[in-house]
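Below: the structure, in structure tokens.
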Amino acid sequence: MLLYSAGLRVGELVNLMPEDIDSKRMLIHIKGSKGRKDRYTILSESVLKILPQYWKKYKPRKWLFEGARVGSRYKQVRRHCLRQCKATSI
């Protein structure tokens, strides 16, 4: 849902940290995006409603979406087609 609603690249999604979510301004801070540039993208209300439940259940420490080992990144995300769908629906 986050991948599609924010139009994130897979590499951006797996590199998100909990502090990158700005719920007050409804923004996501993407660090080191394409071309090693930082950018902001929108945080949808539907994702904002789900995030507290996710944090409570999974308790991410370093990465927002951690792998099987605590502190490791989740790497097996292959959803580039969702980003393309978002880009074409605008």
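The values are calculated or read from the model by the stated rules, or taken from the named source; none is laboratory data. Everything quoted here is computed from the prediction, not taken from an experiment. Here Cβ is always computed from backbone atoms with ideal geometry, including for glycine, and neighbour counts include all displayed protein chains.
Within the range 11-53, work out how many residues are in a loop (DSSP other than H, G, I, E, B) and loosely packed, with under 13 Cβ neighbours inside 10 Å.
Qualifying residue count, the range 11-53: 6.
Please find, among Y40, Y54, the residue that is modelled with pLDDT of 85 or more and touching a Lys or Arg at 6+ places or on another chain (Cβ under 9 Å).
Y40
In a loop (DSSP other than H, G, I, E, B) and under 21 Å from G67 (Cα atoms), is that true of L8?
Against the criterion (in a loop (DSSP other than H, G, I, E, B) and under 21 Å from G67 (Cα atoms)), L8 qualifies.
Can you tell me how many residues within the range 1-16 are in contact with a Leu (Cβ under 6 Å, 6 or more places away or on another chain) and either of a type in the set (S, T, N, Q) or modelled with pLDDT of 90 or more (or both)? I'd like the intermediate steps shown before the answer.
Going residue by residue through the range 1-16, those that are in contact with a Leu (Cβ under 6 Å, 6 or more places away or on another chain) are 3-4, 13, 16.
Narrowing the set further to residues that are either of a type in the set (S, T, N, Q) or modelled with pLDDT of 90 or more (or both) leaves 16.
Number satisfying all stated conditions: 1.
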